[in-house]
Amino acid sequence: MSVLTDLIYGGSNAVAGLTEGAVNDAIAKYGADKEIAFPDTAYFFPTIYAATGVKVKTLGDLPACVGVLKSLITNQEDLGQALNAGLATAVGAEILEGLKFVEPKDAYEEATVPGIGFVPDPIIRSLGVPLVTGDIPGVAVVLGKAENPEDAVKVVKDYQSKGIMTFMVGDVIEQCAEGGVKMGLEFRVIPLGHDVTAVIHVVTVAIRAALIFGNVQPGDLPGLLAYTKERVPAFVNTFGAIDSVVVSAGAGAIALGFPVVVDIDLGENQVPGALESVLDHSETVKRSLELRNIKIKSKDLPIPVAFSAAFEGEIIRKADVKAEFWSAKNPTCELVLMKDADQVEDHKITLIGPDIDSGDLEYAMGTFIEVYGKKMQADFESVIERKIHAWFNYMEGVMHTGQRNLLRVRVSNDAFEKGLRMKDFGEVLYHMIMDEFDTVVDKCQVRICTRPEGCKEIRAKANEAFVARDARLKSMTDESVDKFYTCILCQAFSPSHVCIVTPERLGLCGAVSWLDAKATNELDPNGPCQIVPKDRCLDERLGAYEDVNEAVSKYSHGALERVTLYSILEDPMTSCGCFECICGIEPMSNGVVITNREHVGMTPLGMSFSELASMTGGGVQTPGFMGHGKQFIASKKFLAAEGGMGRIVWLPKELKDQMADRINATAKELYGIDNFTSMIADETVTTDMEELYGFLTEVGHPVLEMEPLM
Ligand code: SF4
Ligand code: ZN
């Protein structure tokens, strides 16, 4: 037997033994009926569920899984068989990690090494859009202990600067922590845990992606492996010596289609394309990306700090602030306007007022961008403007929240010391606009004003523009436009899903409005957003159009034939999996319950967000369940075919508060009801179906007068 297969089987057998022992011990201690589950997932033990269809719910379910695990270890020389043994190691790791959650306290809380352990479903769903847009170009798994800690730090920082999501397992976590790598989900560098088995937590992310987005059926192992190989752009790097357990875990990764790059010399045991030695750490990143064919859109900007989506979530605390621009203290605003050719001098960047080295802490900030382009349209001003938030956040050491004339920007001491000044903000805006909006913008100039007086002038101009834009948005209805758009960005993960985006129904991810889709179509005419004419209406109530049906049939490659825009029951729009909210029918009241990704608690349907979300997705129609964007709740078209938003009987409180003004305005218009949100229950009222019914009766909720849904 080759050294490689030998090692794989050695590791798999060791893990199998450990797993069997741990399962027996746990059953002896807690009994076979003891419930067991990972936190906040609808997919049980995801690897076991996806591969075999078995739903692990109690300790008593595990011995059979150990049996399956052992059957995968054939000890035969064939490499394919050896990779199966790698999958057995994954199953073993999942069980060993799962057993940590039987203990009364989350085992990870007690661990000395910071590790997040299991990644809950809502986080995976939230990663859908950044992954399909290429904002997160790939997923790295970094494992082990580098001989020279600096090498590990360099590799991980390199991934971070490229926006790659990096999961770490083992000593490399401390090495990177000591090396000053900023860690956490918001930095895209995620410590999973110290034990090798913690690597399963990134494996189950890939596996659940197949279940959530890919419509892969539990038990369809070949379908699962094809999905992860083709659609999950992950790879593995190991640092330092590798033992048989690491090798067999690596075999599991290879079985899933994830290449493994090690930093020791494997000589003839290398498997080109799947298992390779790269001894020079300055080549590790390059080779890993090549193996997965990941292309990084290079963003080499002439600024003194790093610029990457990985810094988007960076928080700058008060003690670290060098300069702050905050509307509560000083006038602020951001404005993009289109101008004539002679009014714009390309790449002119002007600072009006003091720079951040003036010694002050607080400044005003008026950012005024003027663009000219032959194909530029007023509708794209707001589309560009909304990107300022992301671009400023991408600068390492800069935090941006808010938009329009309510915002807060912080610059860290660290960024200041690296030389960051206001001119760099202008450079970022200029370069990003010319990069992302090159089809519509020919010339661009940026003015940044840090003086309250000048800023007020810009703000007055901006307010005028905002009023006009809001009026335009308000007047923009599905009836007032002559076309809708498709969005098929999510097909990267959800091959048969098509969103139809209309003025009154934004994409279910919440990130694509009709205007965004229009701009995307203009920028990239062969891209994800295609025009859907709306000439042939079949049924106004349902929002059924011959043109929409043709579009979904074409872009879903025949998987779908009919989709309506306004119904949850009759040919509802499909979901990919990255929806902000999930809506489901509540049979007792004939209403609907909505919950959102951020809400972890129960709903009156007896299901959490994760559980409800698992009822639909993968581009499949599921009458009675529908994923949608937050803003859609307040739309007059929400469930219009079933009577409209008057069907909503329950919402998480935070979401309700956030949307209250708009929900109430729409309800007043549709039903003449004042303060409709006071009739909608939330978790502070009840999460019990019977009690909910009592509440609805008490407040005289309009749903009680509506036709039965079914
Ligand atoms: Fe995905 Fe639909 Fe959002 Fe497009 S609009 S990114 S397809 S969820
Ligand atoms: Zn999606």
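Every number in this text was worked out from the coordinates using simple rules, so none of it is lab data. Every value quoted in this text rests on a predicted model; they were computed, and no experiment measured them. Heads up, the Cβs are rebuilt from the backbone with ideal geometry, glycines too, and the neighbour counts pull from every protein chain shown.
So for segment 1-72, considering every pair of alpha-carbon atoms, how many percent are separated by more than 18 Å?
Working: 1201 of 2556 pairs.
Value for segment 1-72 (Cα pairs over 18 Å): 47 percent.
Kindly provide the pair-distance distribution of segment 190-332 built from C-alpha pairs, with 10 Å bins from 0 and whole-percent values in order of increasing distance.
Binned Cα distances yield the sequence 9, 29, 29, 18, 11, 4, 0.
Run down the lysines and flag those whose C-alpha is under 22 Å from the C-alpha of K70, throwing out any fewer than 8 positions away in its chain.
Candidates past the 8-residue exclusion: K55, K57, K100.
Taking 0.36 nm per residue of sequence separation and subtracting the Cα-Cα distance, how much length would be gained by fully extending the chain between V620 and I315, in nm to one decimal? Could the numbers behind the result be given before it?
Numbers: separation 305, 0.36 × 305 = 109.80 nm, distance 3.81 nm.
Contour length minus Cα-Cα distance gives 106.0 nm.
Could you state the principal axis extents of the C-alpha atoms in segment 492-563, from the largest down, to the nearest angstrom?
Sorted largest first, the three principal extents are 31, 25, 21 Å.
For H281, what is the net charge nearby, where nearby means another residue's Cβ is under 15 Å from its Cβ and Lys, Arg count +1, Asp, Glu -1?
So the surrounding residues net to -4.
Spin-label point model (7 Å from Cα, Cβ direction): what's the E479 to T58 distance in nm?
5.8 nm
Express the relative contact order of the chain as a whole percentage, based on alpha carbon pairs under 8 Å and six or more residues apart in sequence. If you can, show how the numbers build up before the last one.
On the way: 1516 pairs, mean separation 73.6, N = 710.
The normalised contact order for the chain reaches 10 percent.
Which aspartates and glutamates does K375 reach when only Cα atoms under 18 Å apart count, and residues fewer than 8 places away in its own chain are ignored?
Qualifying aspartates and glutamates at Cα under 18 Å: D340, D342, E345, D346, E385, D435, E436, D438, D442, D516, E522, D524.
So how do 512-519, 467-474 stack up, highest first, on mean other-Cβ count within 10 Å?
On the way: 512-519: 23.2, 467-474: 11.8.
My ranking of the peptides, most packed first, is 512-519, 467-474.
In deg cm²/dmol and to the nearest 500, what is the mean residue ellipticity at 222 nm of the chain if only DSSP H runs of at least 4 residues count, each as -39500 (n - 2.57), divided by the residue total? Working shown, then result.
Values: 22 runs with 261 residues, N = 710.
Value at 222 nm, helices only: -11500 deg cm²/dmol.
For a Förster distance of 25 Å, can you work out the FRET efficiency between the beta-carbons of A378 and T684, rounded to the nearest 0.05?
0.05
Return the FRET efficiency for the residue pair D300, D661: r is the Cβ-Cβ distance, R0 is 45 Å, and the value is rounded to the nearest 0.05.
Values: r = 43 Å, r/R0 = 0.96.
With R0 = 45 Å, the Cβ-Cβ based efficiency is 0.55.
Set the Förster distance to 51 Å, then compute FRET efficiency between D674 and E283 from the Cβ-Cβ distance, nearest 0.05.
Numbers: r = 67 Å, r/R0 = 1.31.
Approximately 0.15, to the nearest 0.05.
Please report the projected area of segment 435-517's Cα convex hull averaged over all directions, in nm².
On the way: hull surface 32.9 nm².
Mean projected area of the Cα convex hull: 8.2 nm².
For segment 598-710, what number of Lys pairs, 8 or more residues apart or on separate chains, have alpha-carbon atoms under 15 Å from each other? All intermediate terms of the calculation are to be shown ahead of the outcome.
Details: K630/K653; K630/K656; K636/K668; K637/K668.
Eligible lysine pairs with Cα atoms under 15 Å apart amount to 4.
Count the net charge of all other residues whose Cβ sits under 13 Å from the Cβ of I8, scoring Lys and Arg as +1 and Asp and Glu as -1. Could you put the intermediate results ahead of the total?
On the way: positive: none; negative: D6, E77, D78, D243.
So the environment of I8 carries a net charge of -4.
Evaluate the relative contact order of segment 26-159 (contact order divided by residue number), counting alpha-carbon pairs under 8 angstrom at least 6 apart; express in whole percent. Please list the in-between numbers first.
Values: 106 pairs, mean separation 28.1, N = 134.
Once normalised by length, the contact order is 21 percent.
Which whole-number percent gives the relative contact order of segment 490-632, counting Cα pairs below 8 Å spaced six or more residues apart?
Values: 275 pairs, mean separation 38.1, N = 143.
This gives 27 percent for segment 490-632.
So for each of 178-186, 538-546, 618-626 I average, over its residues, the number of other beta carbons within 10 Å; can you give me the resulting order with the highest mean first?
On the way: 178-186: 15.1, 538-546: 17.6, 618-626: 19.1.
The packing order, highest mean first, is 618-626, 538-546, 178-186.
Could you order peptides 213-224, 672-683, 161-172 by the average number of other Cβ atoms within 10 Å of their residues, highest first? Provide the component values of the computation, followed by the final result.
Values: 213-224: 18.8, 672-683: 16.8, 161-172: 25.0.
Sorting 213-224, 672-683, 161-172 by mean packing, highest first, produces 161-172, 213-224, 672-683.
For the pair D243/A460, report the inter-label distance in nm, with labels modelled 7 Å from Cα in the Cβ direction.
Each label point is offset 7 Å from its Cα along the Cβ direction, giving 7.3 nm.
Near the amide H of M168, under 5 Å away, which other amide H atoms are found, from residues 5 or more places off or on another chain, if H is placed in the peptide plane?
The answer is V142, I190, L192.
Rounded, prolate or oblate for segment 619-710? Axes are the square roots of the Cα gyration tensor eigenvalues, ordered a ≥ b ≥ c, and the cut-off for rounded is a/c under 1.5. Please list the in-between numbers first.
On the way: a/c = 1.25, a/b = 1.13, b/c = 1.11.
Cα axes put segment 619-710 in the rounded bin.
Want the number for A226 to E546: 0.36 nm per residue separation, take away the alpha-carbon distance, what's left? Don't skip to the answer; put the middle values down first.
Numbers: separation 320, 0.36 × 320 = 115.20 nm, distance 3.43 nm.
Net length gain for the segment: 111.8 nm.
Which percent, to the nearest 5, of DSSP beta bridges fully inside the chain are antiparallel? Write out the running numbers ahead of the final one.
Working: 43 of 81 bridges.
Given both bridge residues lie in the chain, the antiparallel proportion sits at roughly 55 percent.
Let me know the shape class of segment 5-145, please: from the alpha-carbon gyration tensor, a ≥ b ≥ c as square roots of the eigenvalues, rounded when a/c is under 1.5, otherwise prolate if a/b is greater than b/c, or oblate.
Oblate shape, in that a/c is at least 1.5 and b/c is the bigger or equal ratio.
Tell me whether the chain comes out rounded, prolate or oblate; compute the Cα gyration tensor, take square roots of the eigenvalues as a ≥ b ≥ c, and use a/c under 1.5 as the rounded threshold. Numbers along the way, then the final one.
Working: a/c = 1.79, a/b = 1.21, b/c = 1.48.
The shape class here is oblate.
If you take every residue apart from P528 with its C-beta less than 15 Å away from the C-beta of P528, what net charge results, scoring Lys and Arg +1 and Asp and Glu -1?
Overall, the nearby charge balance is -3.
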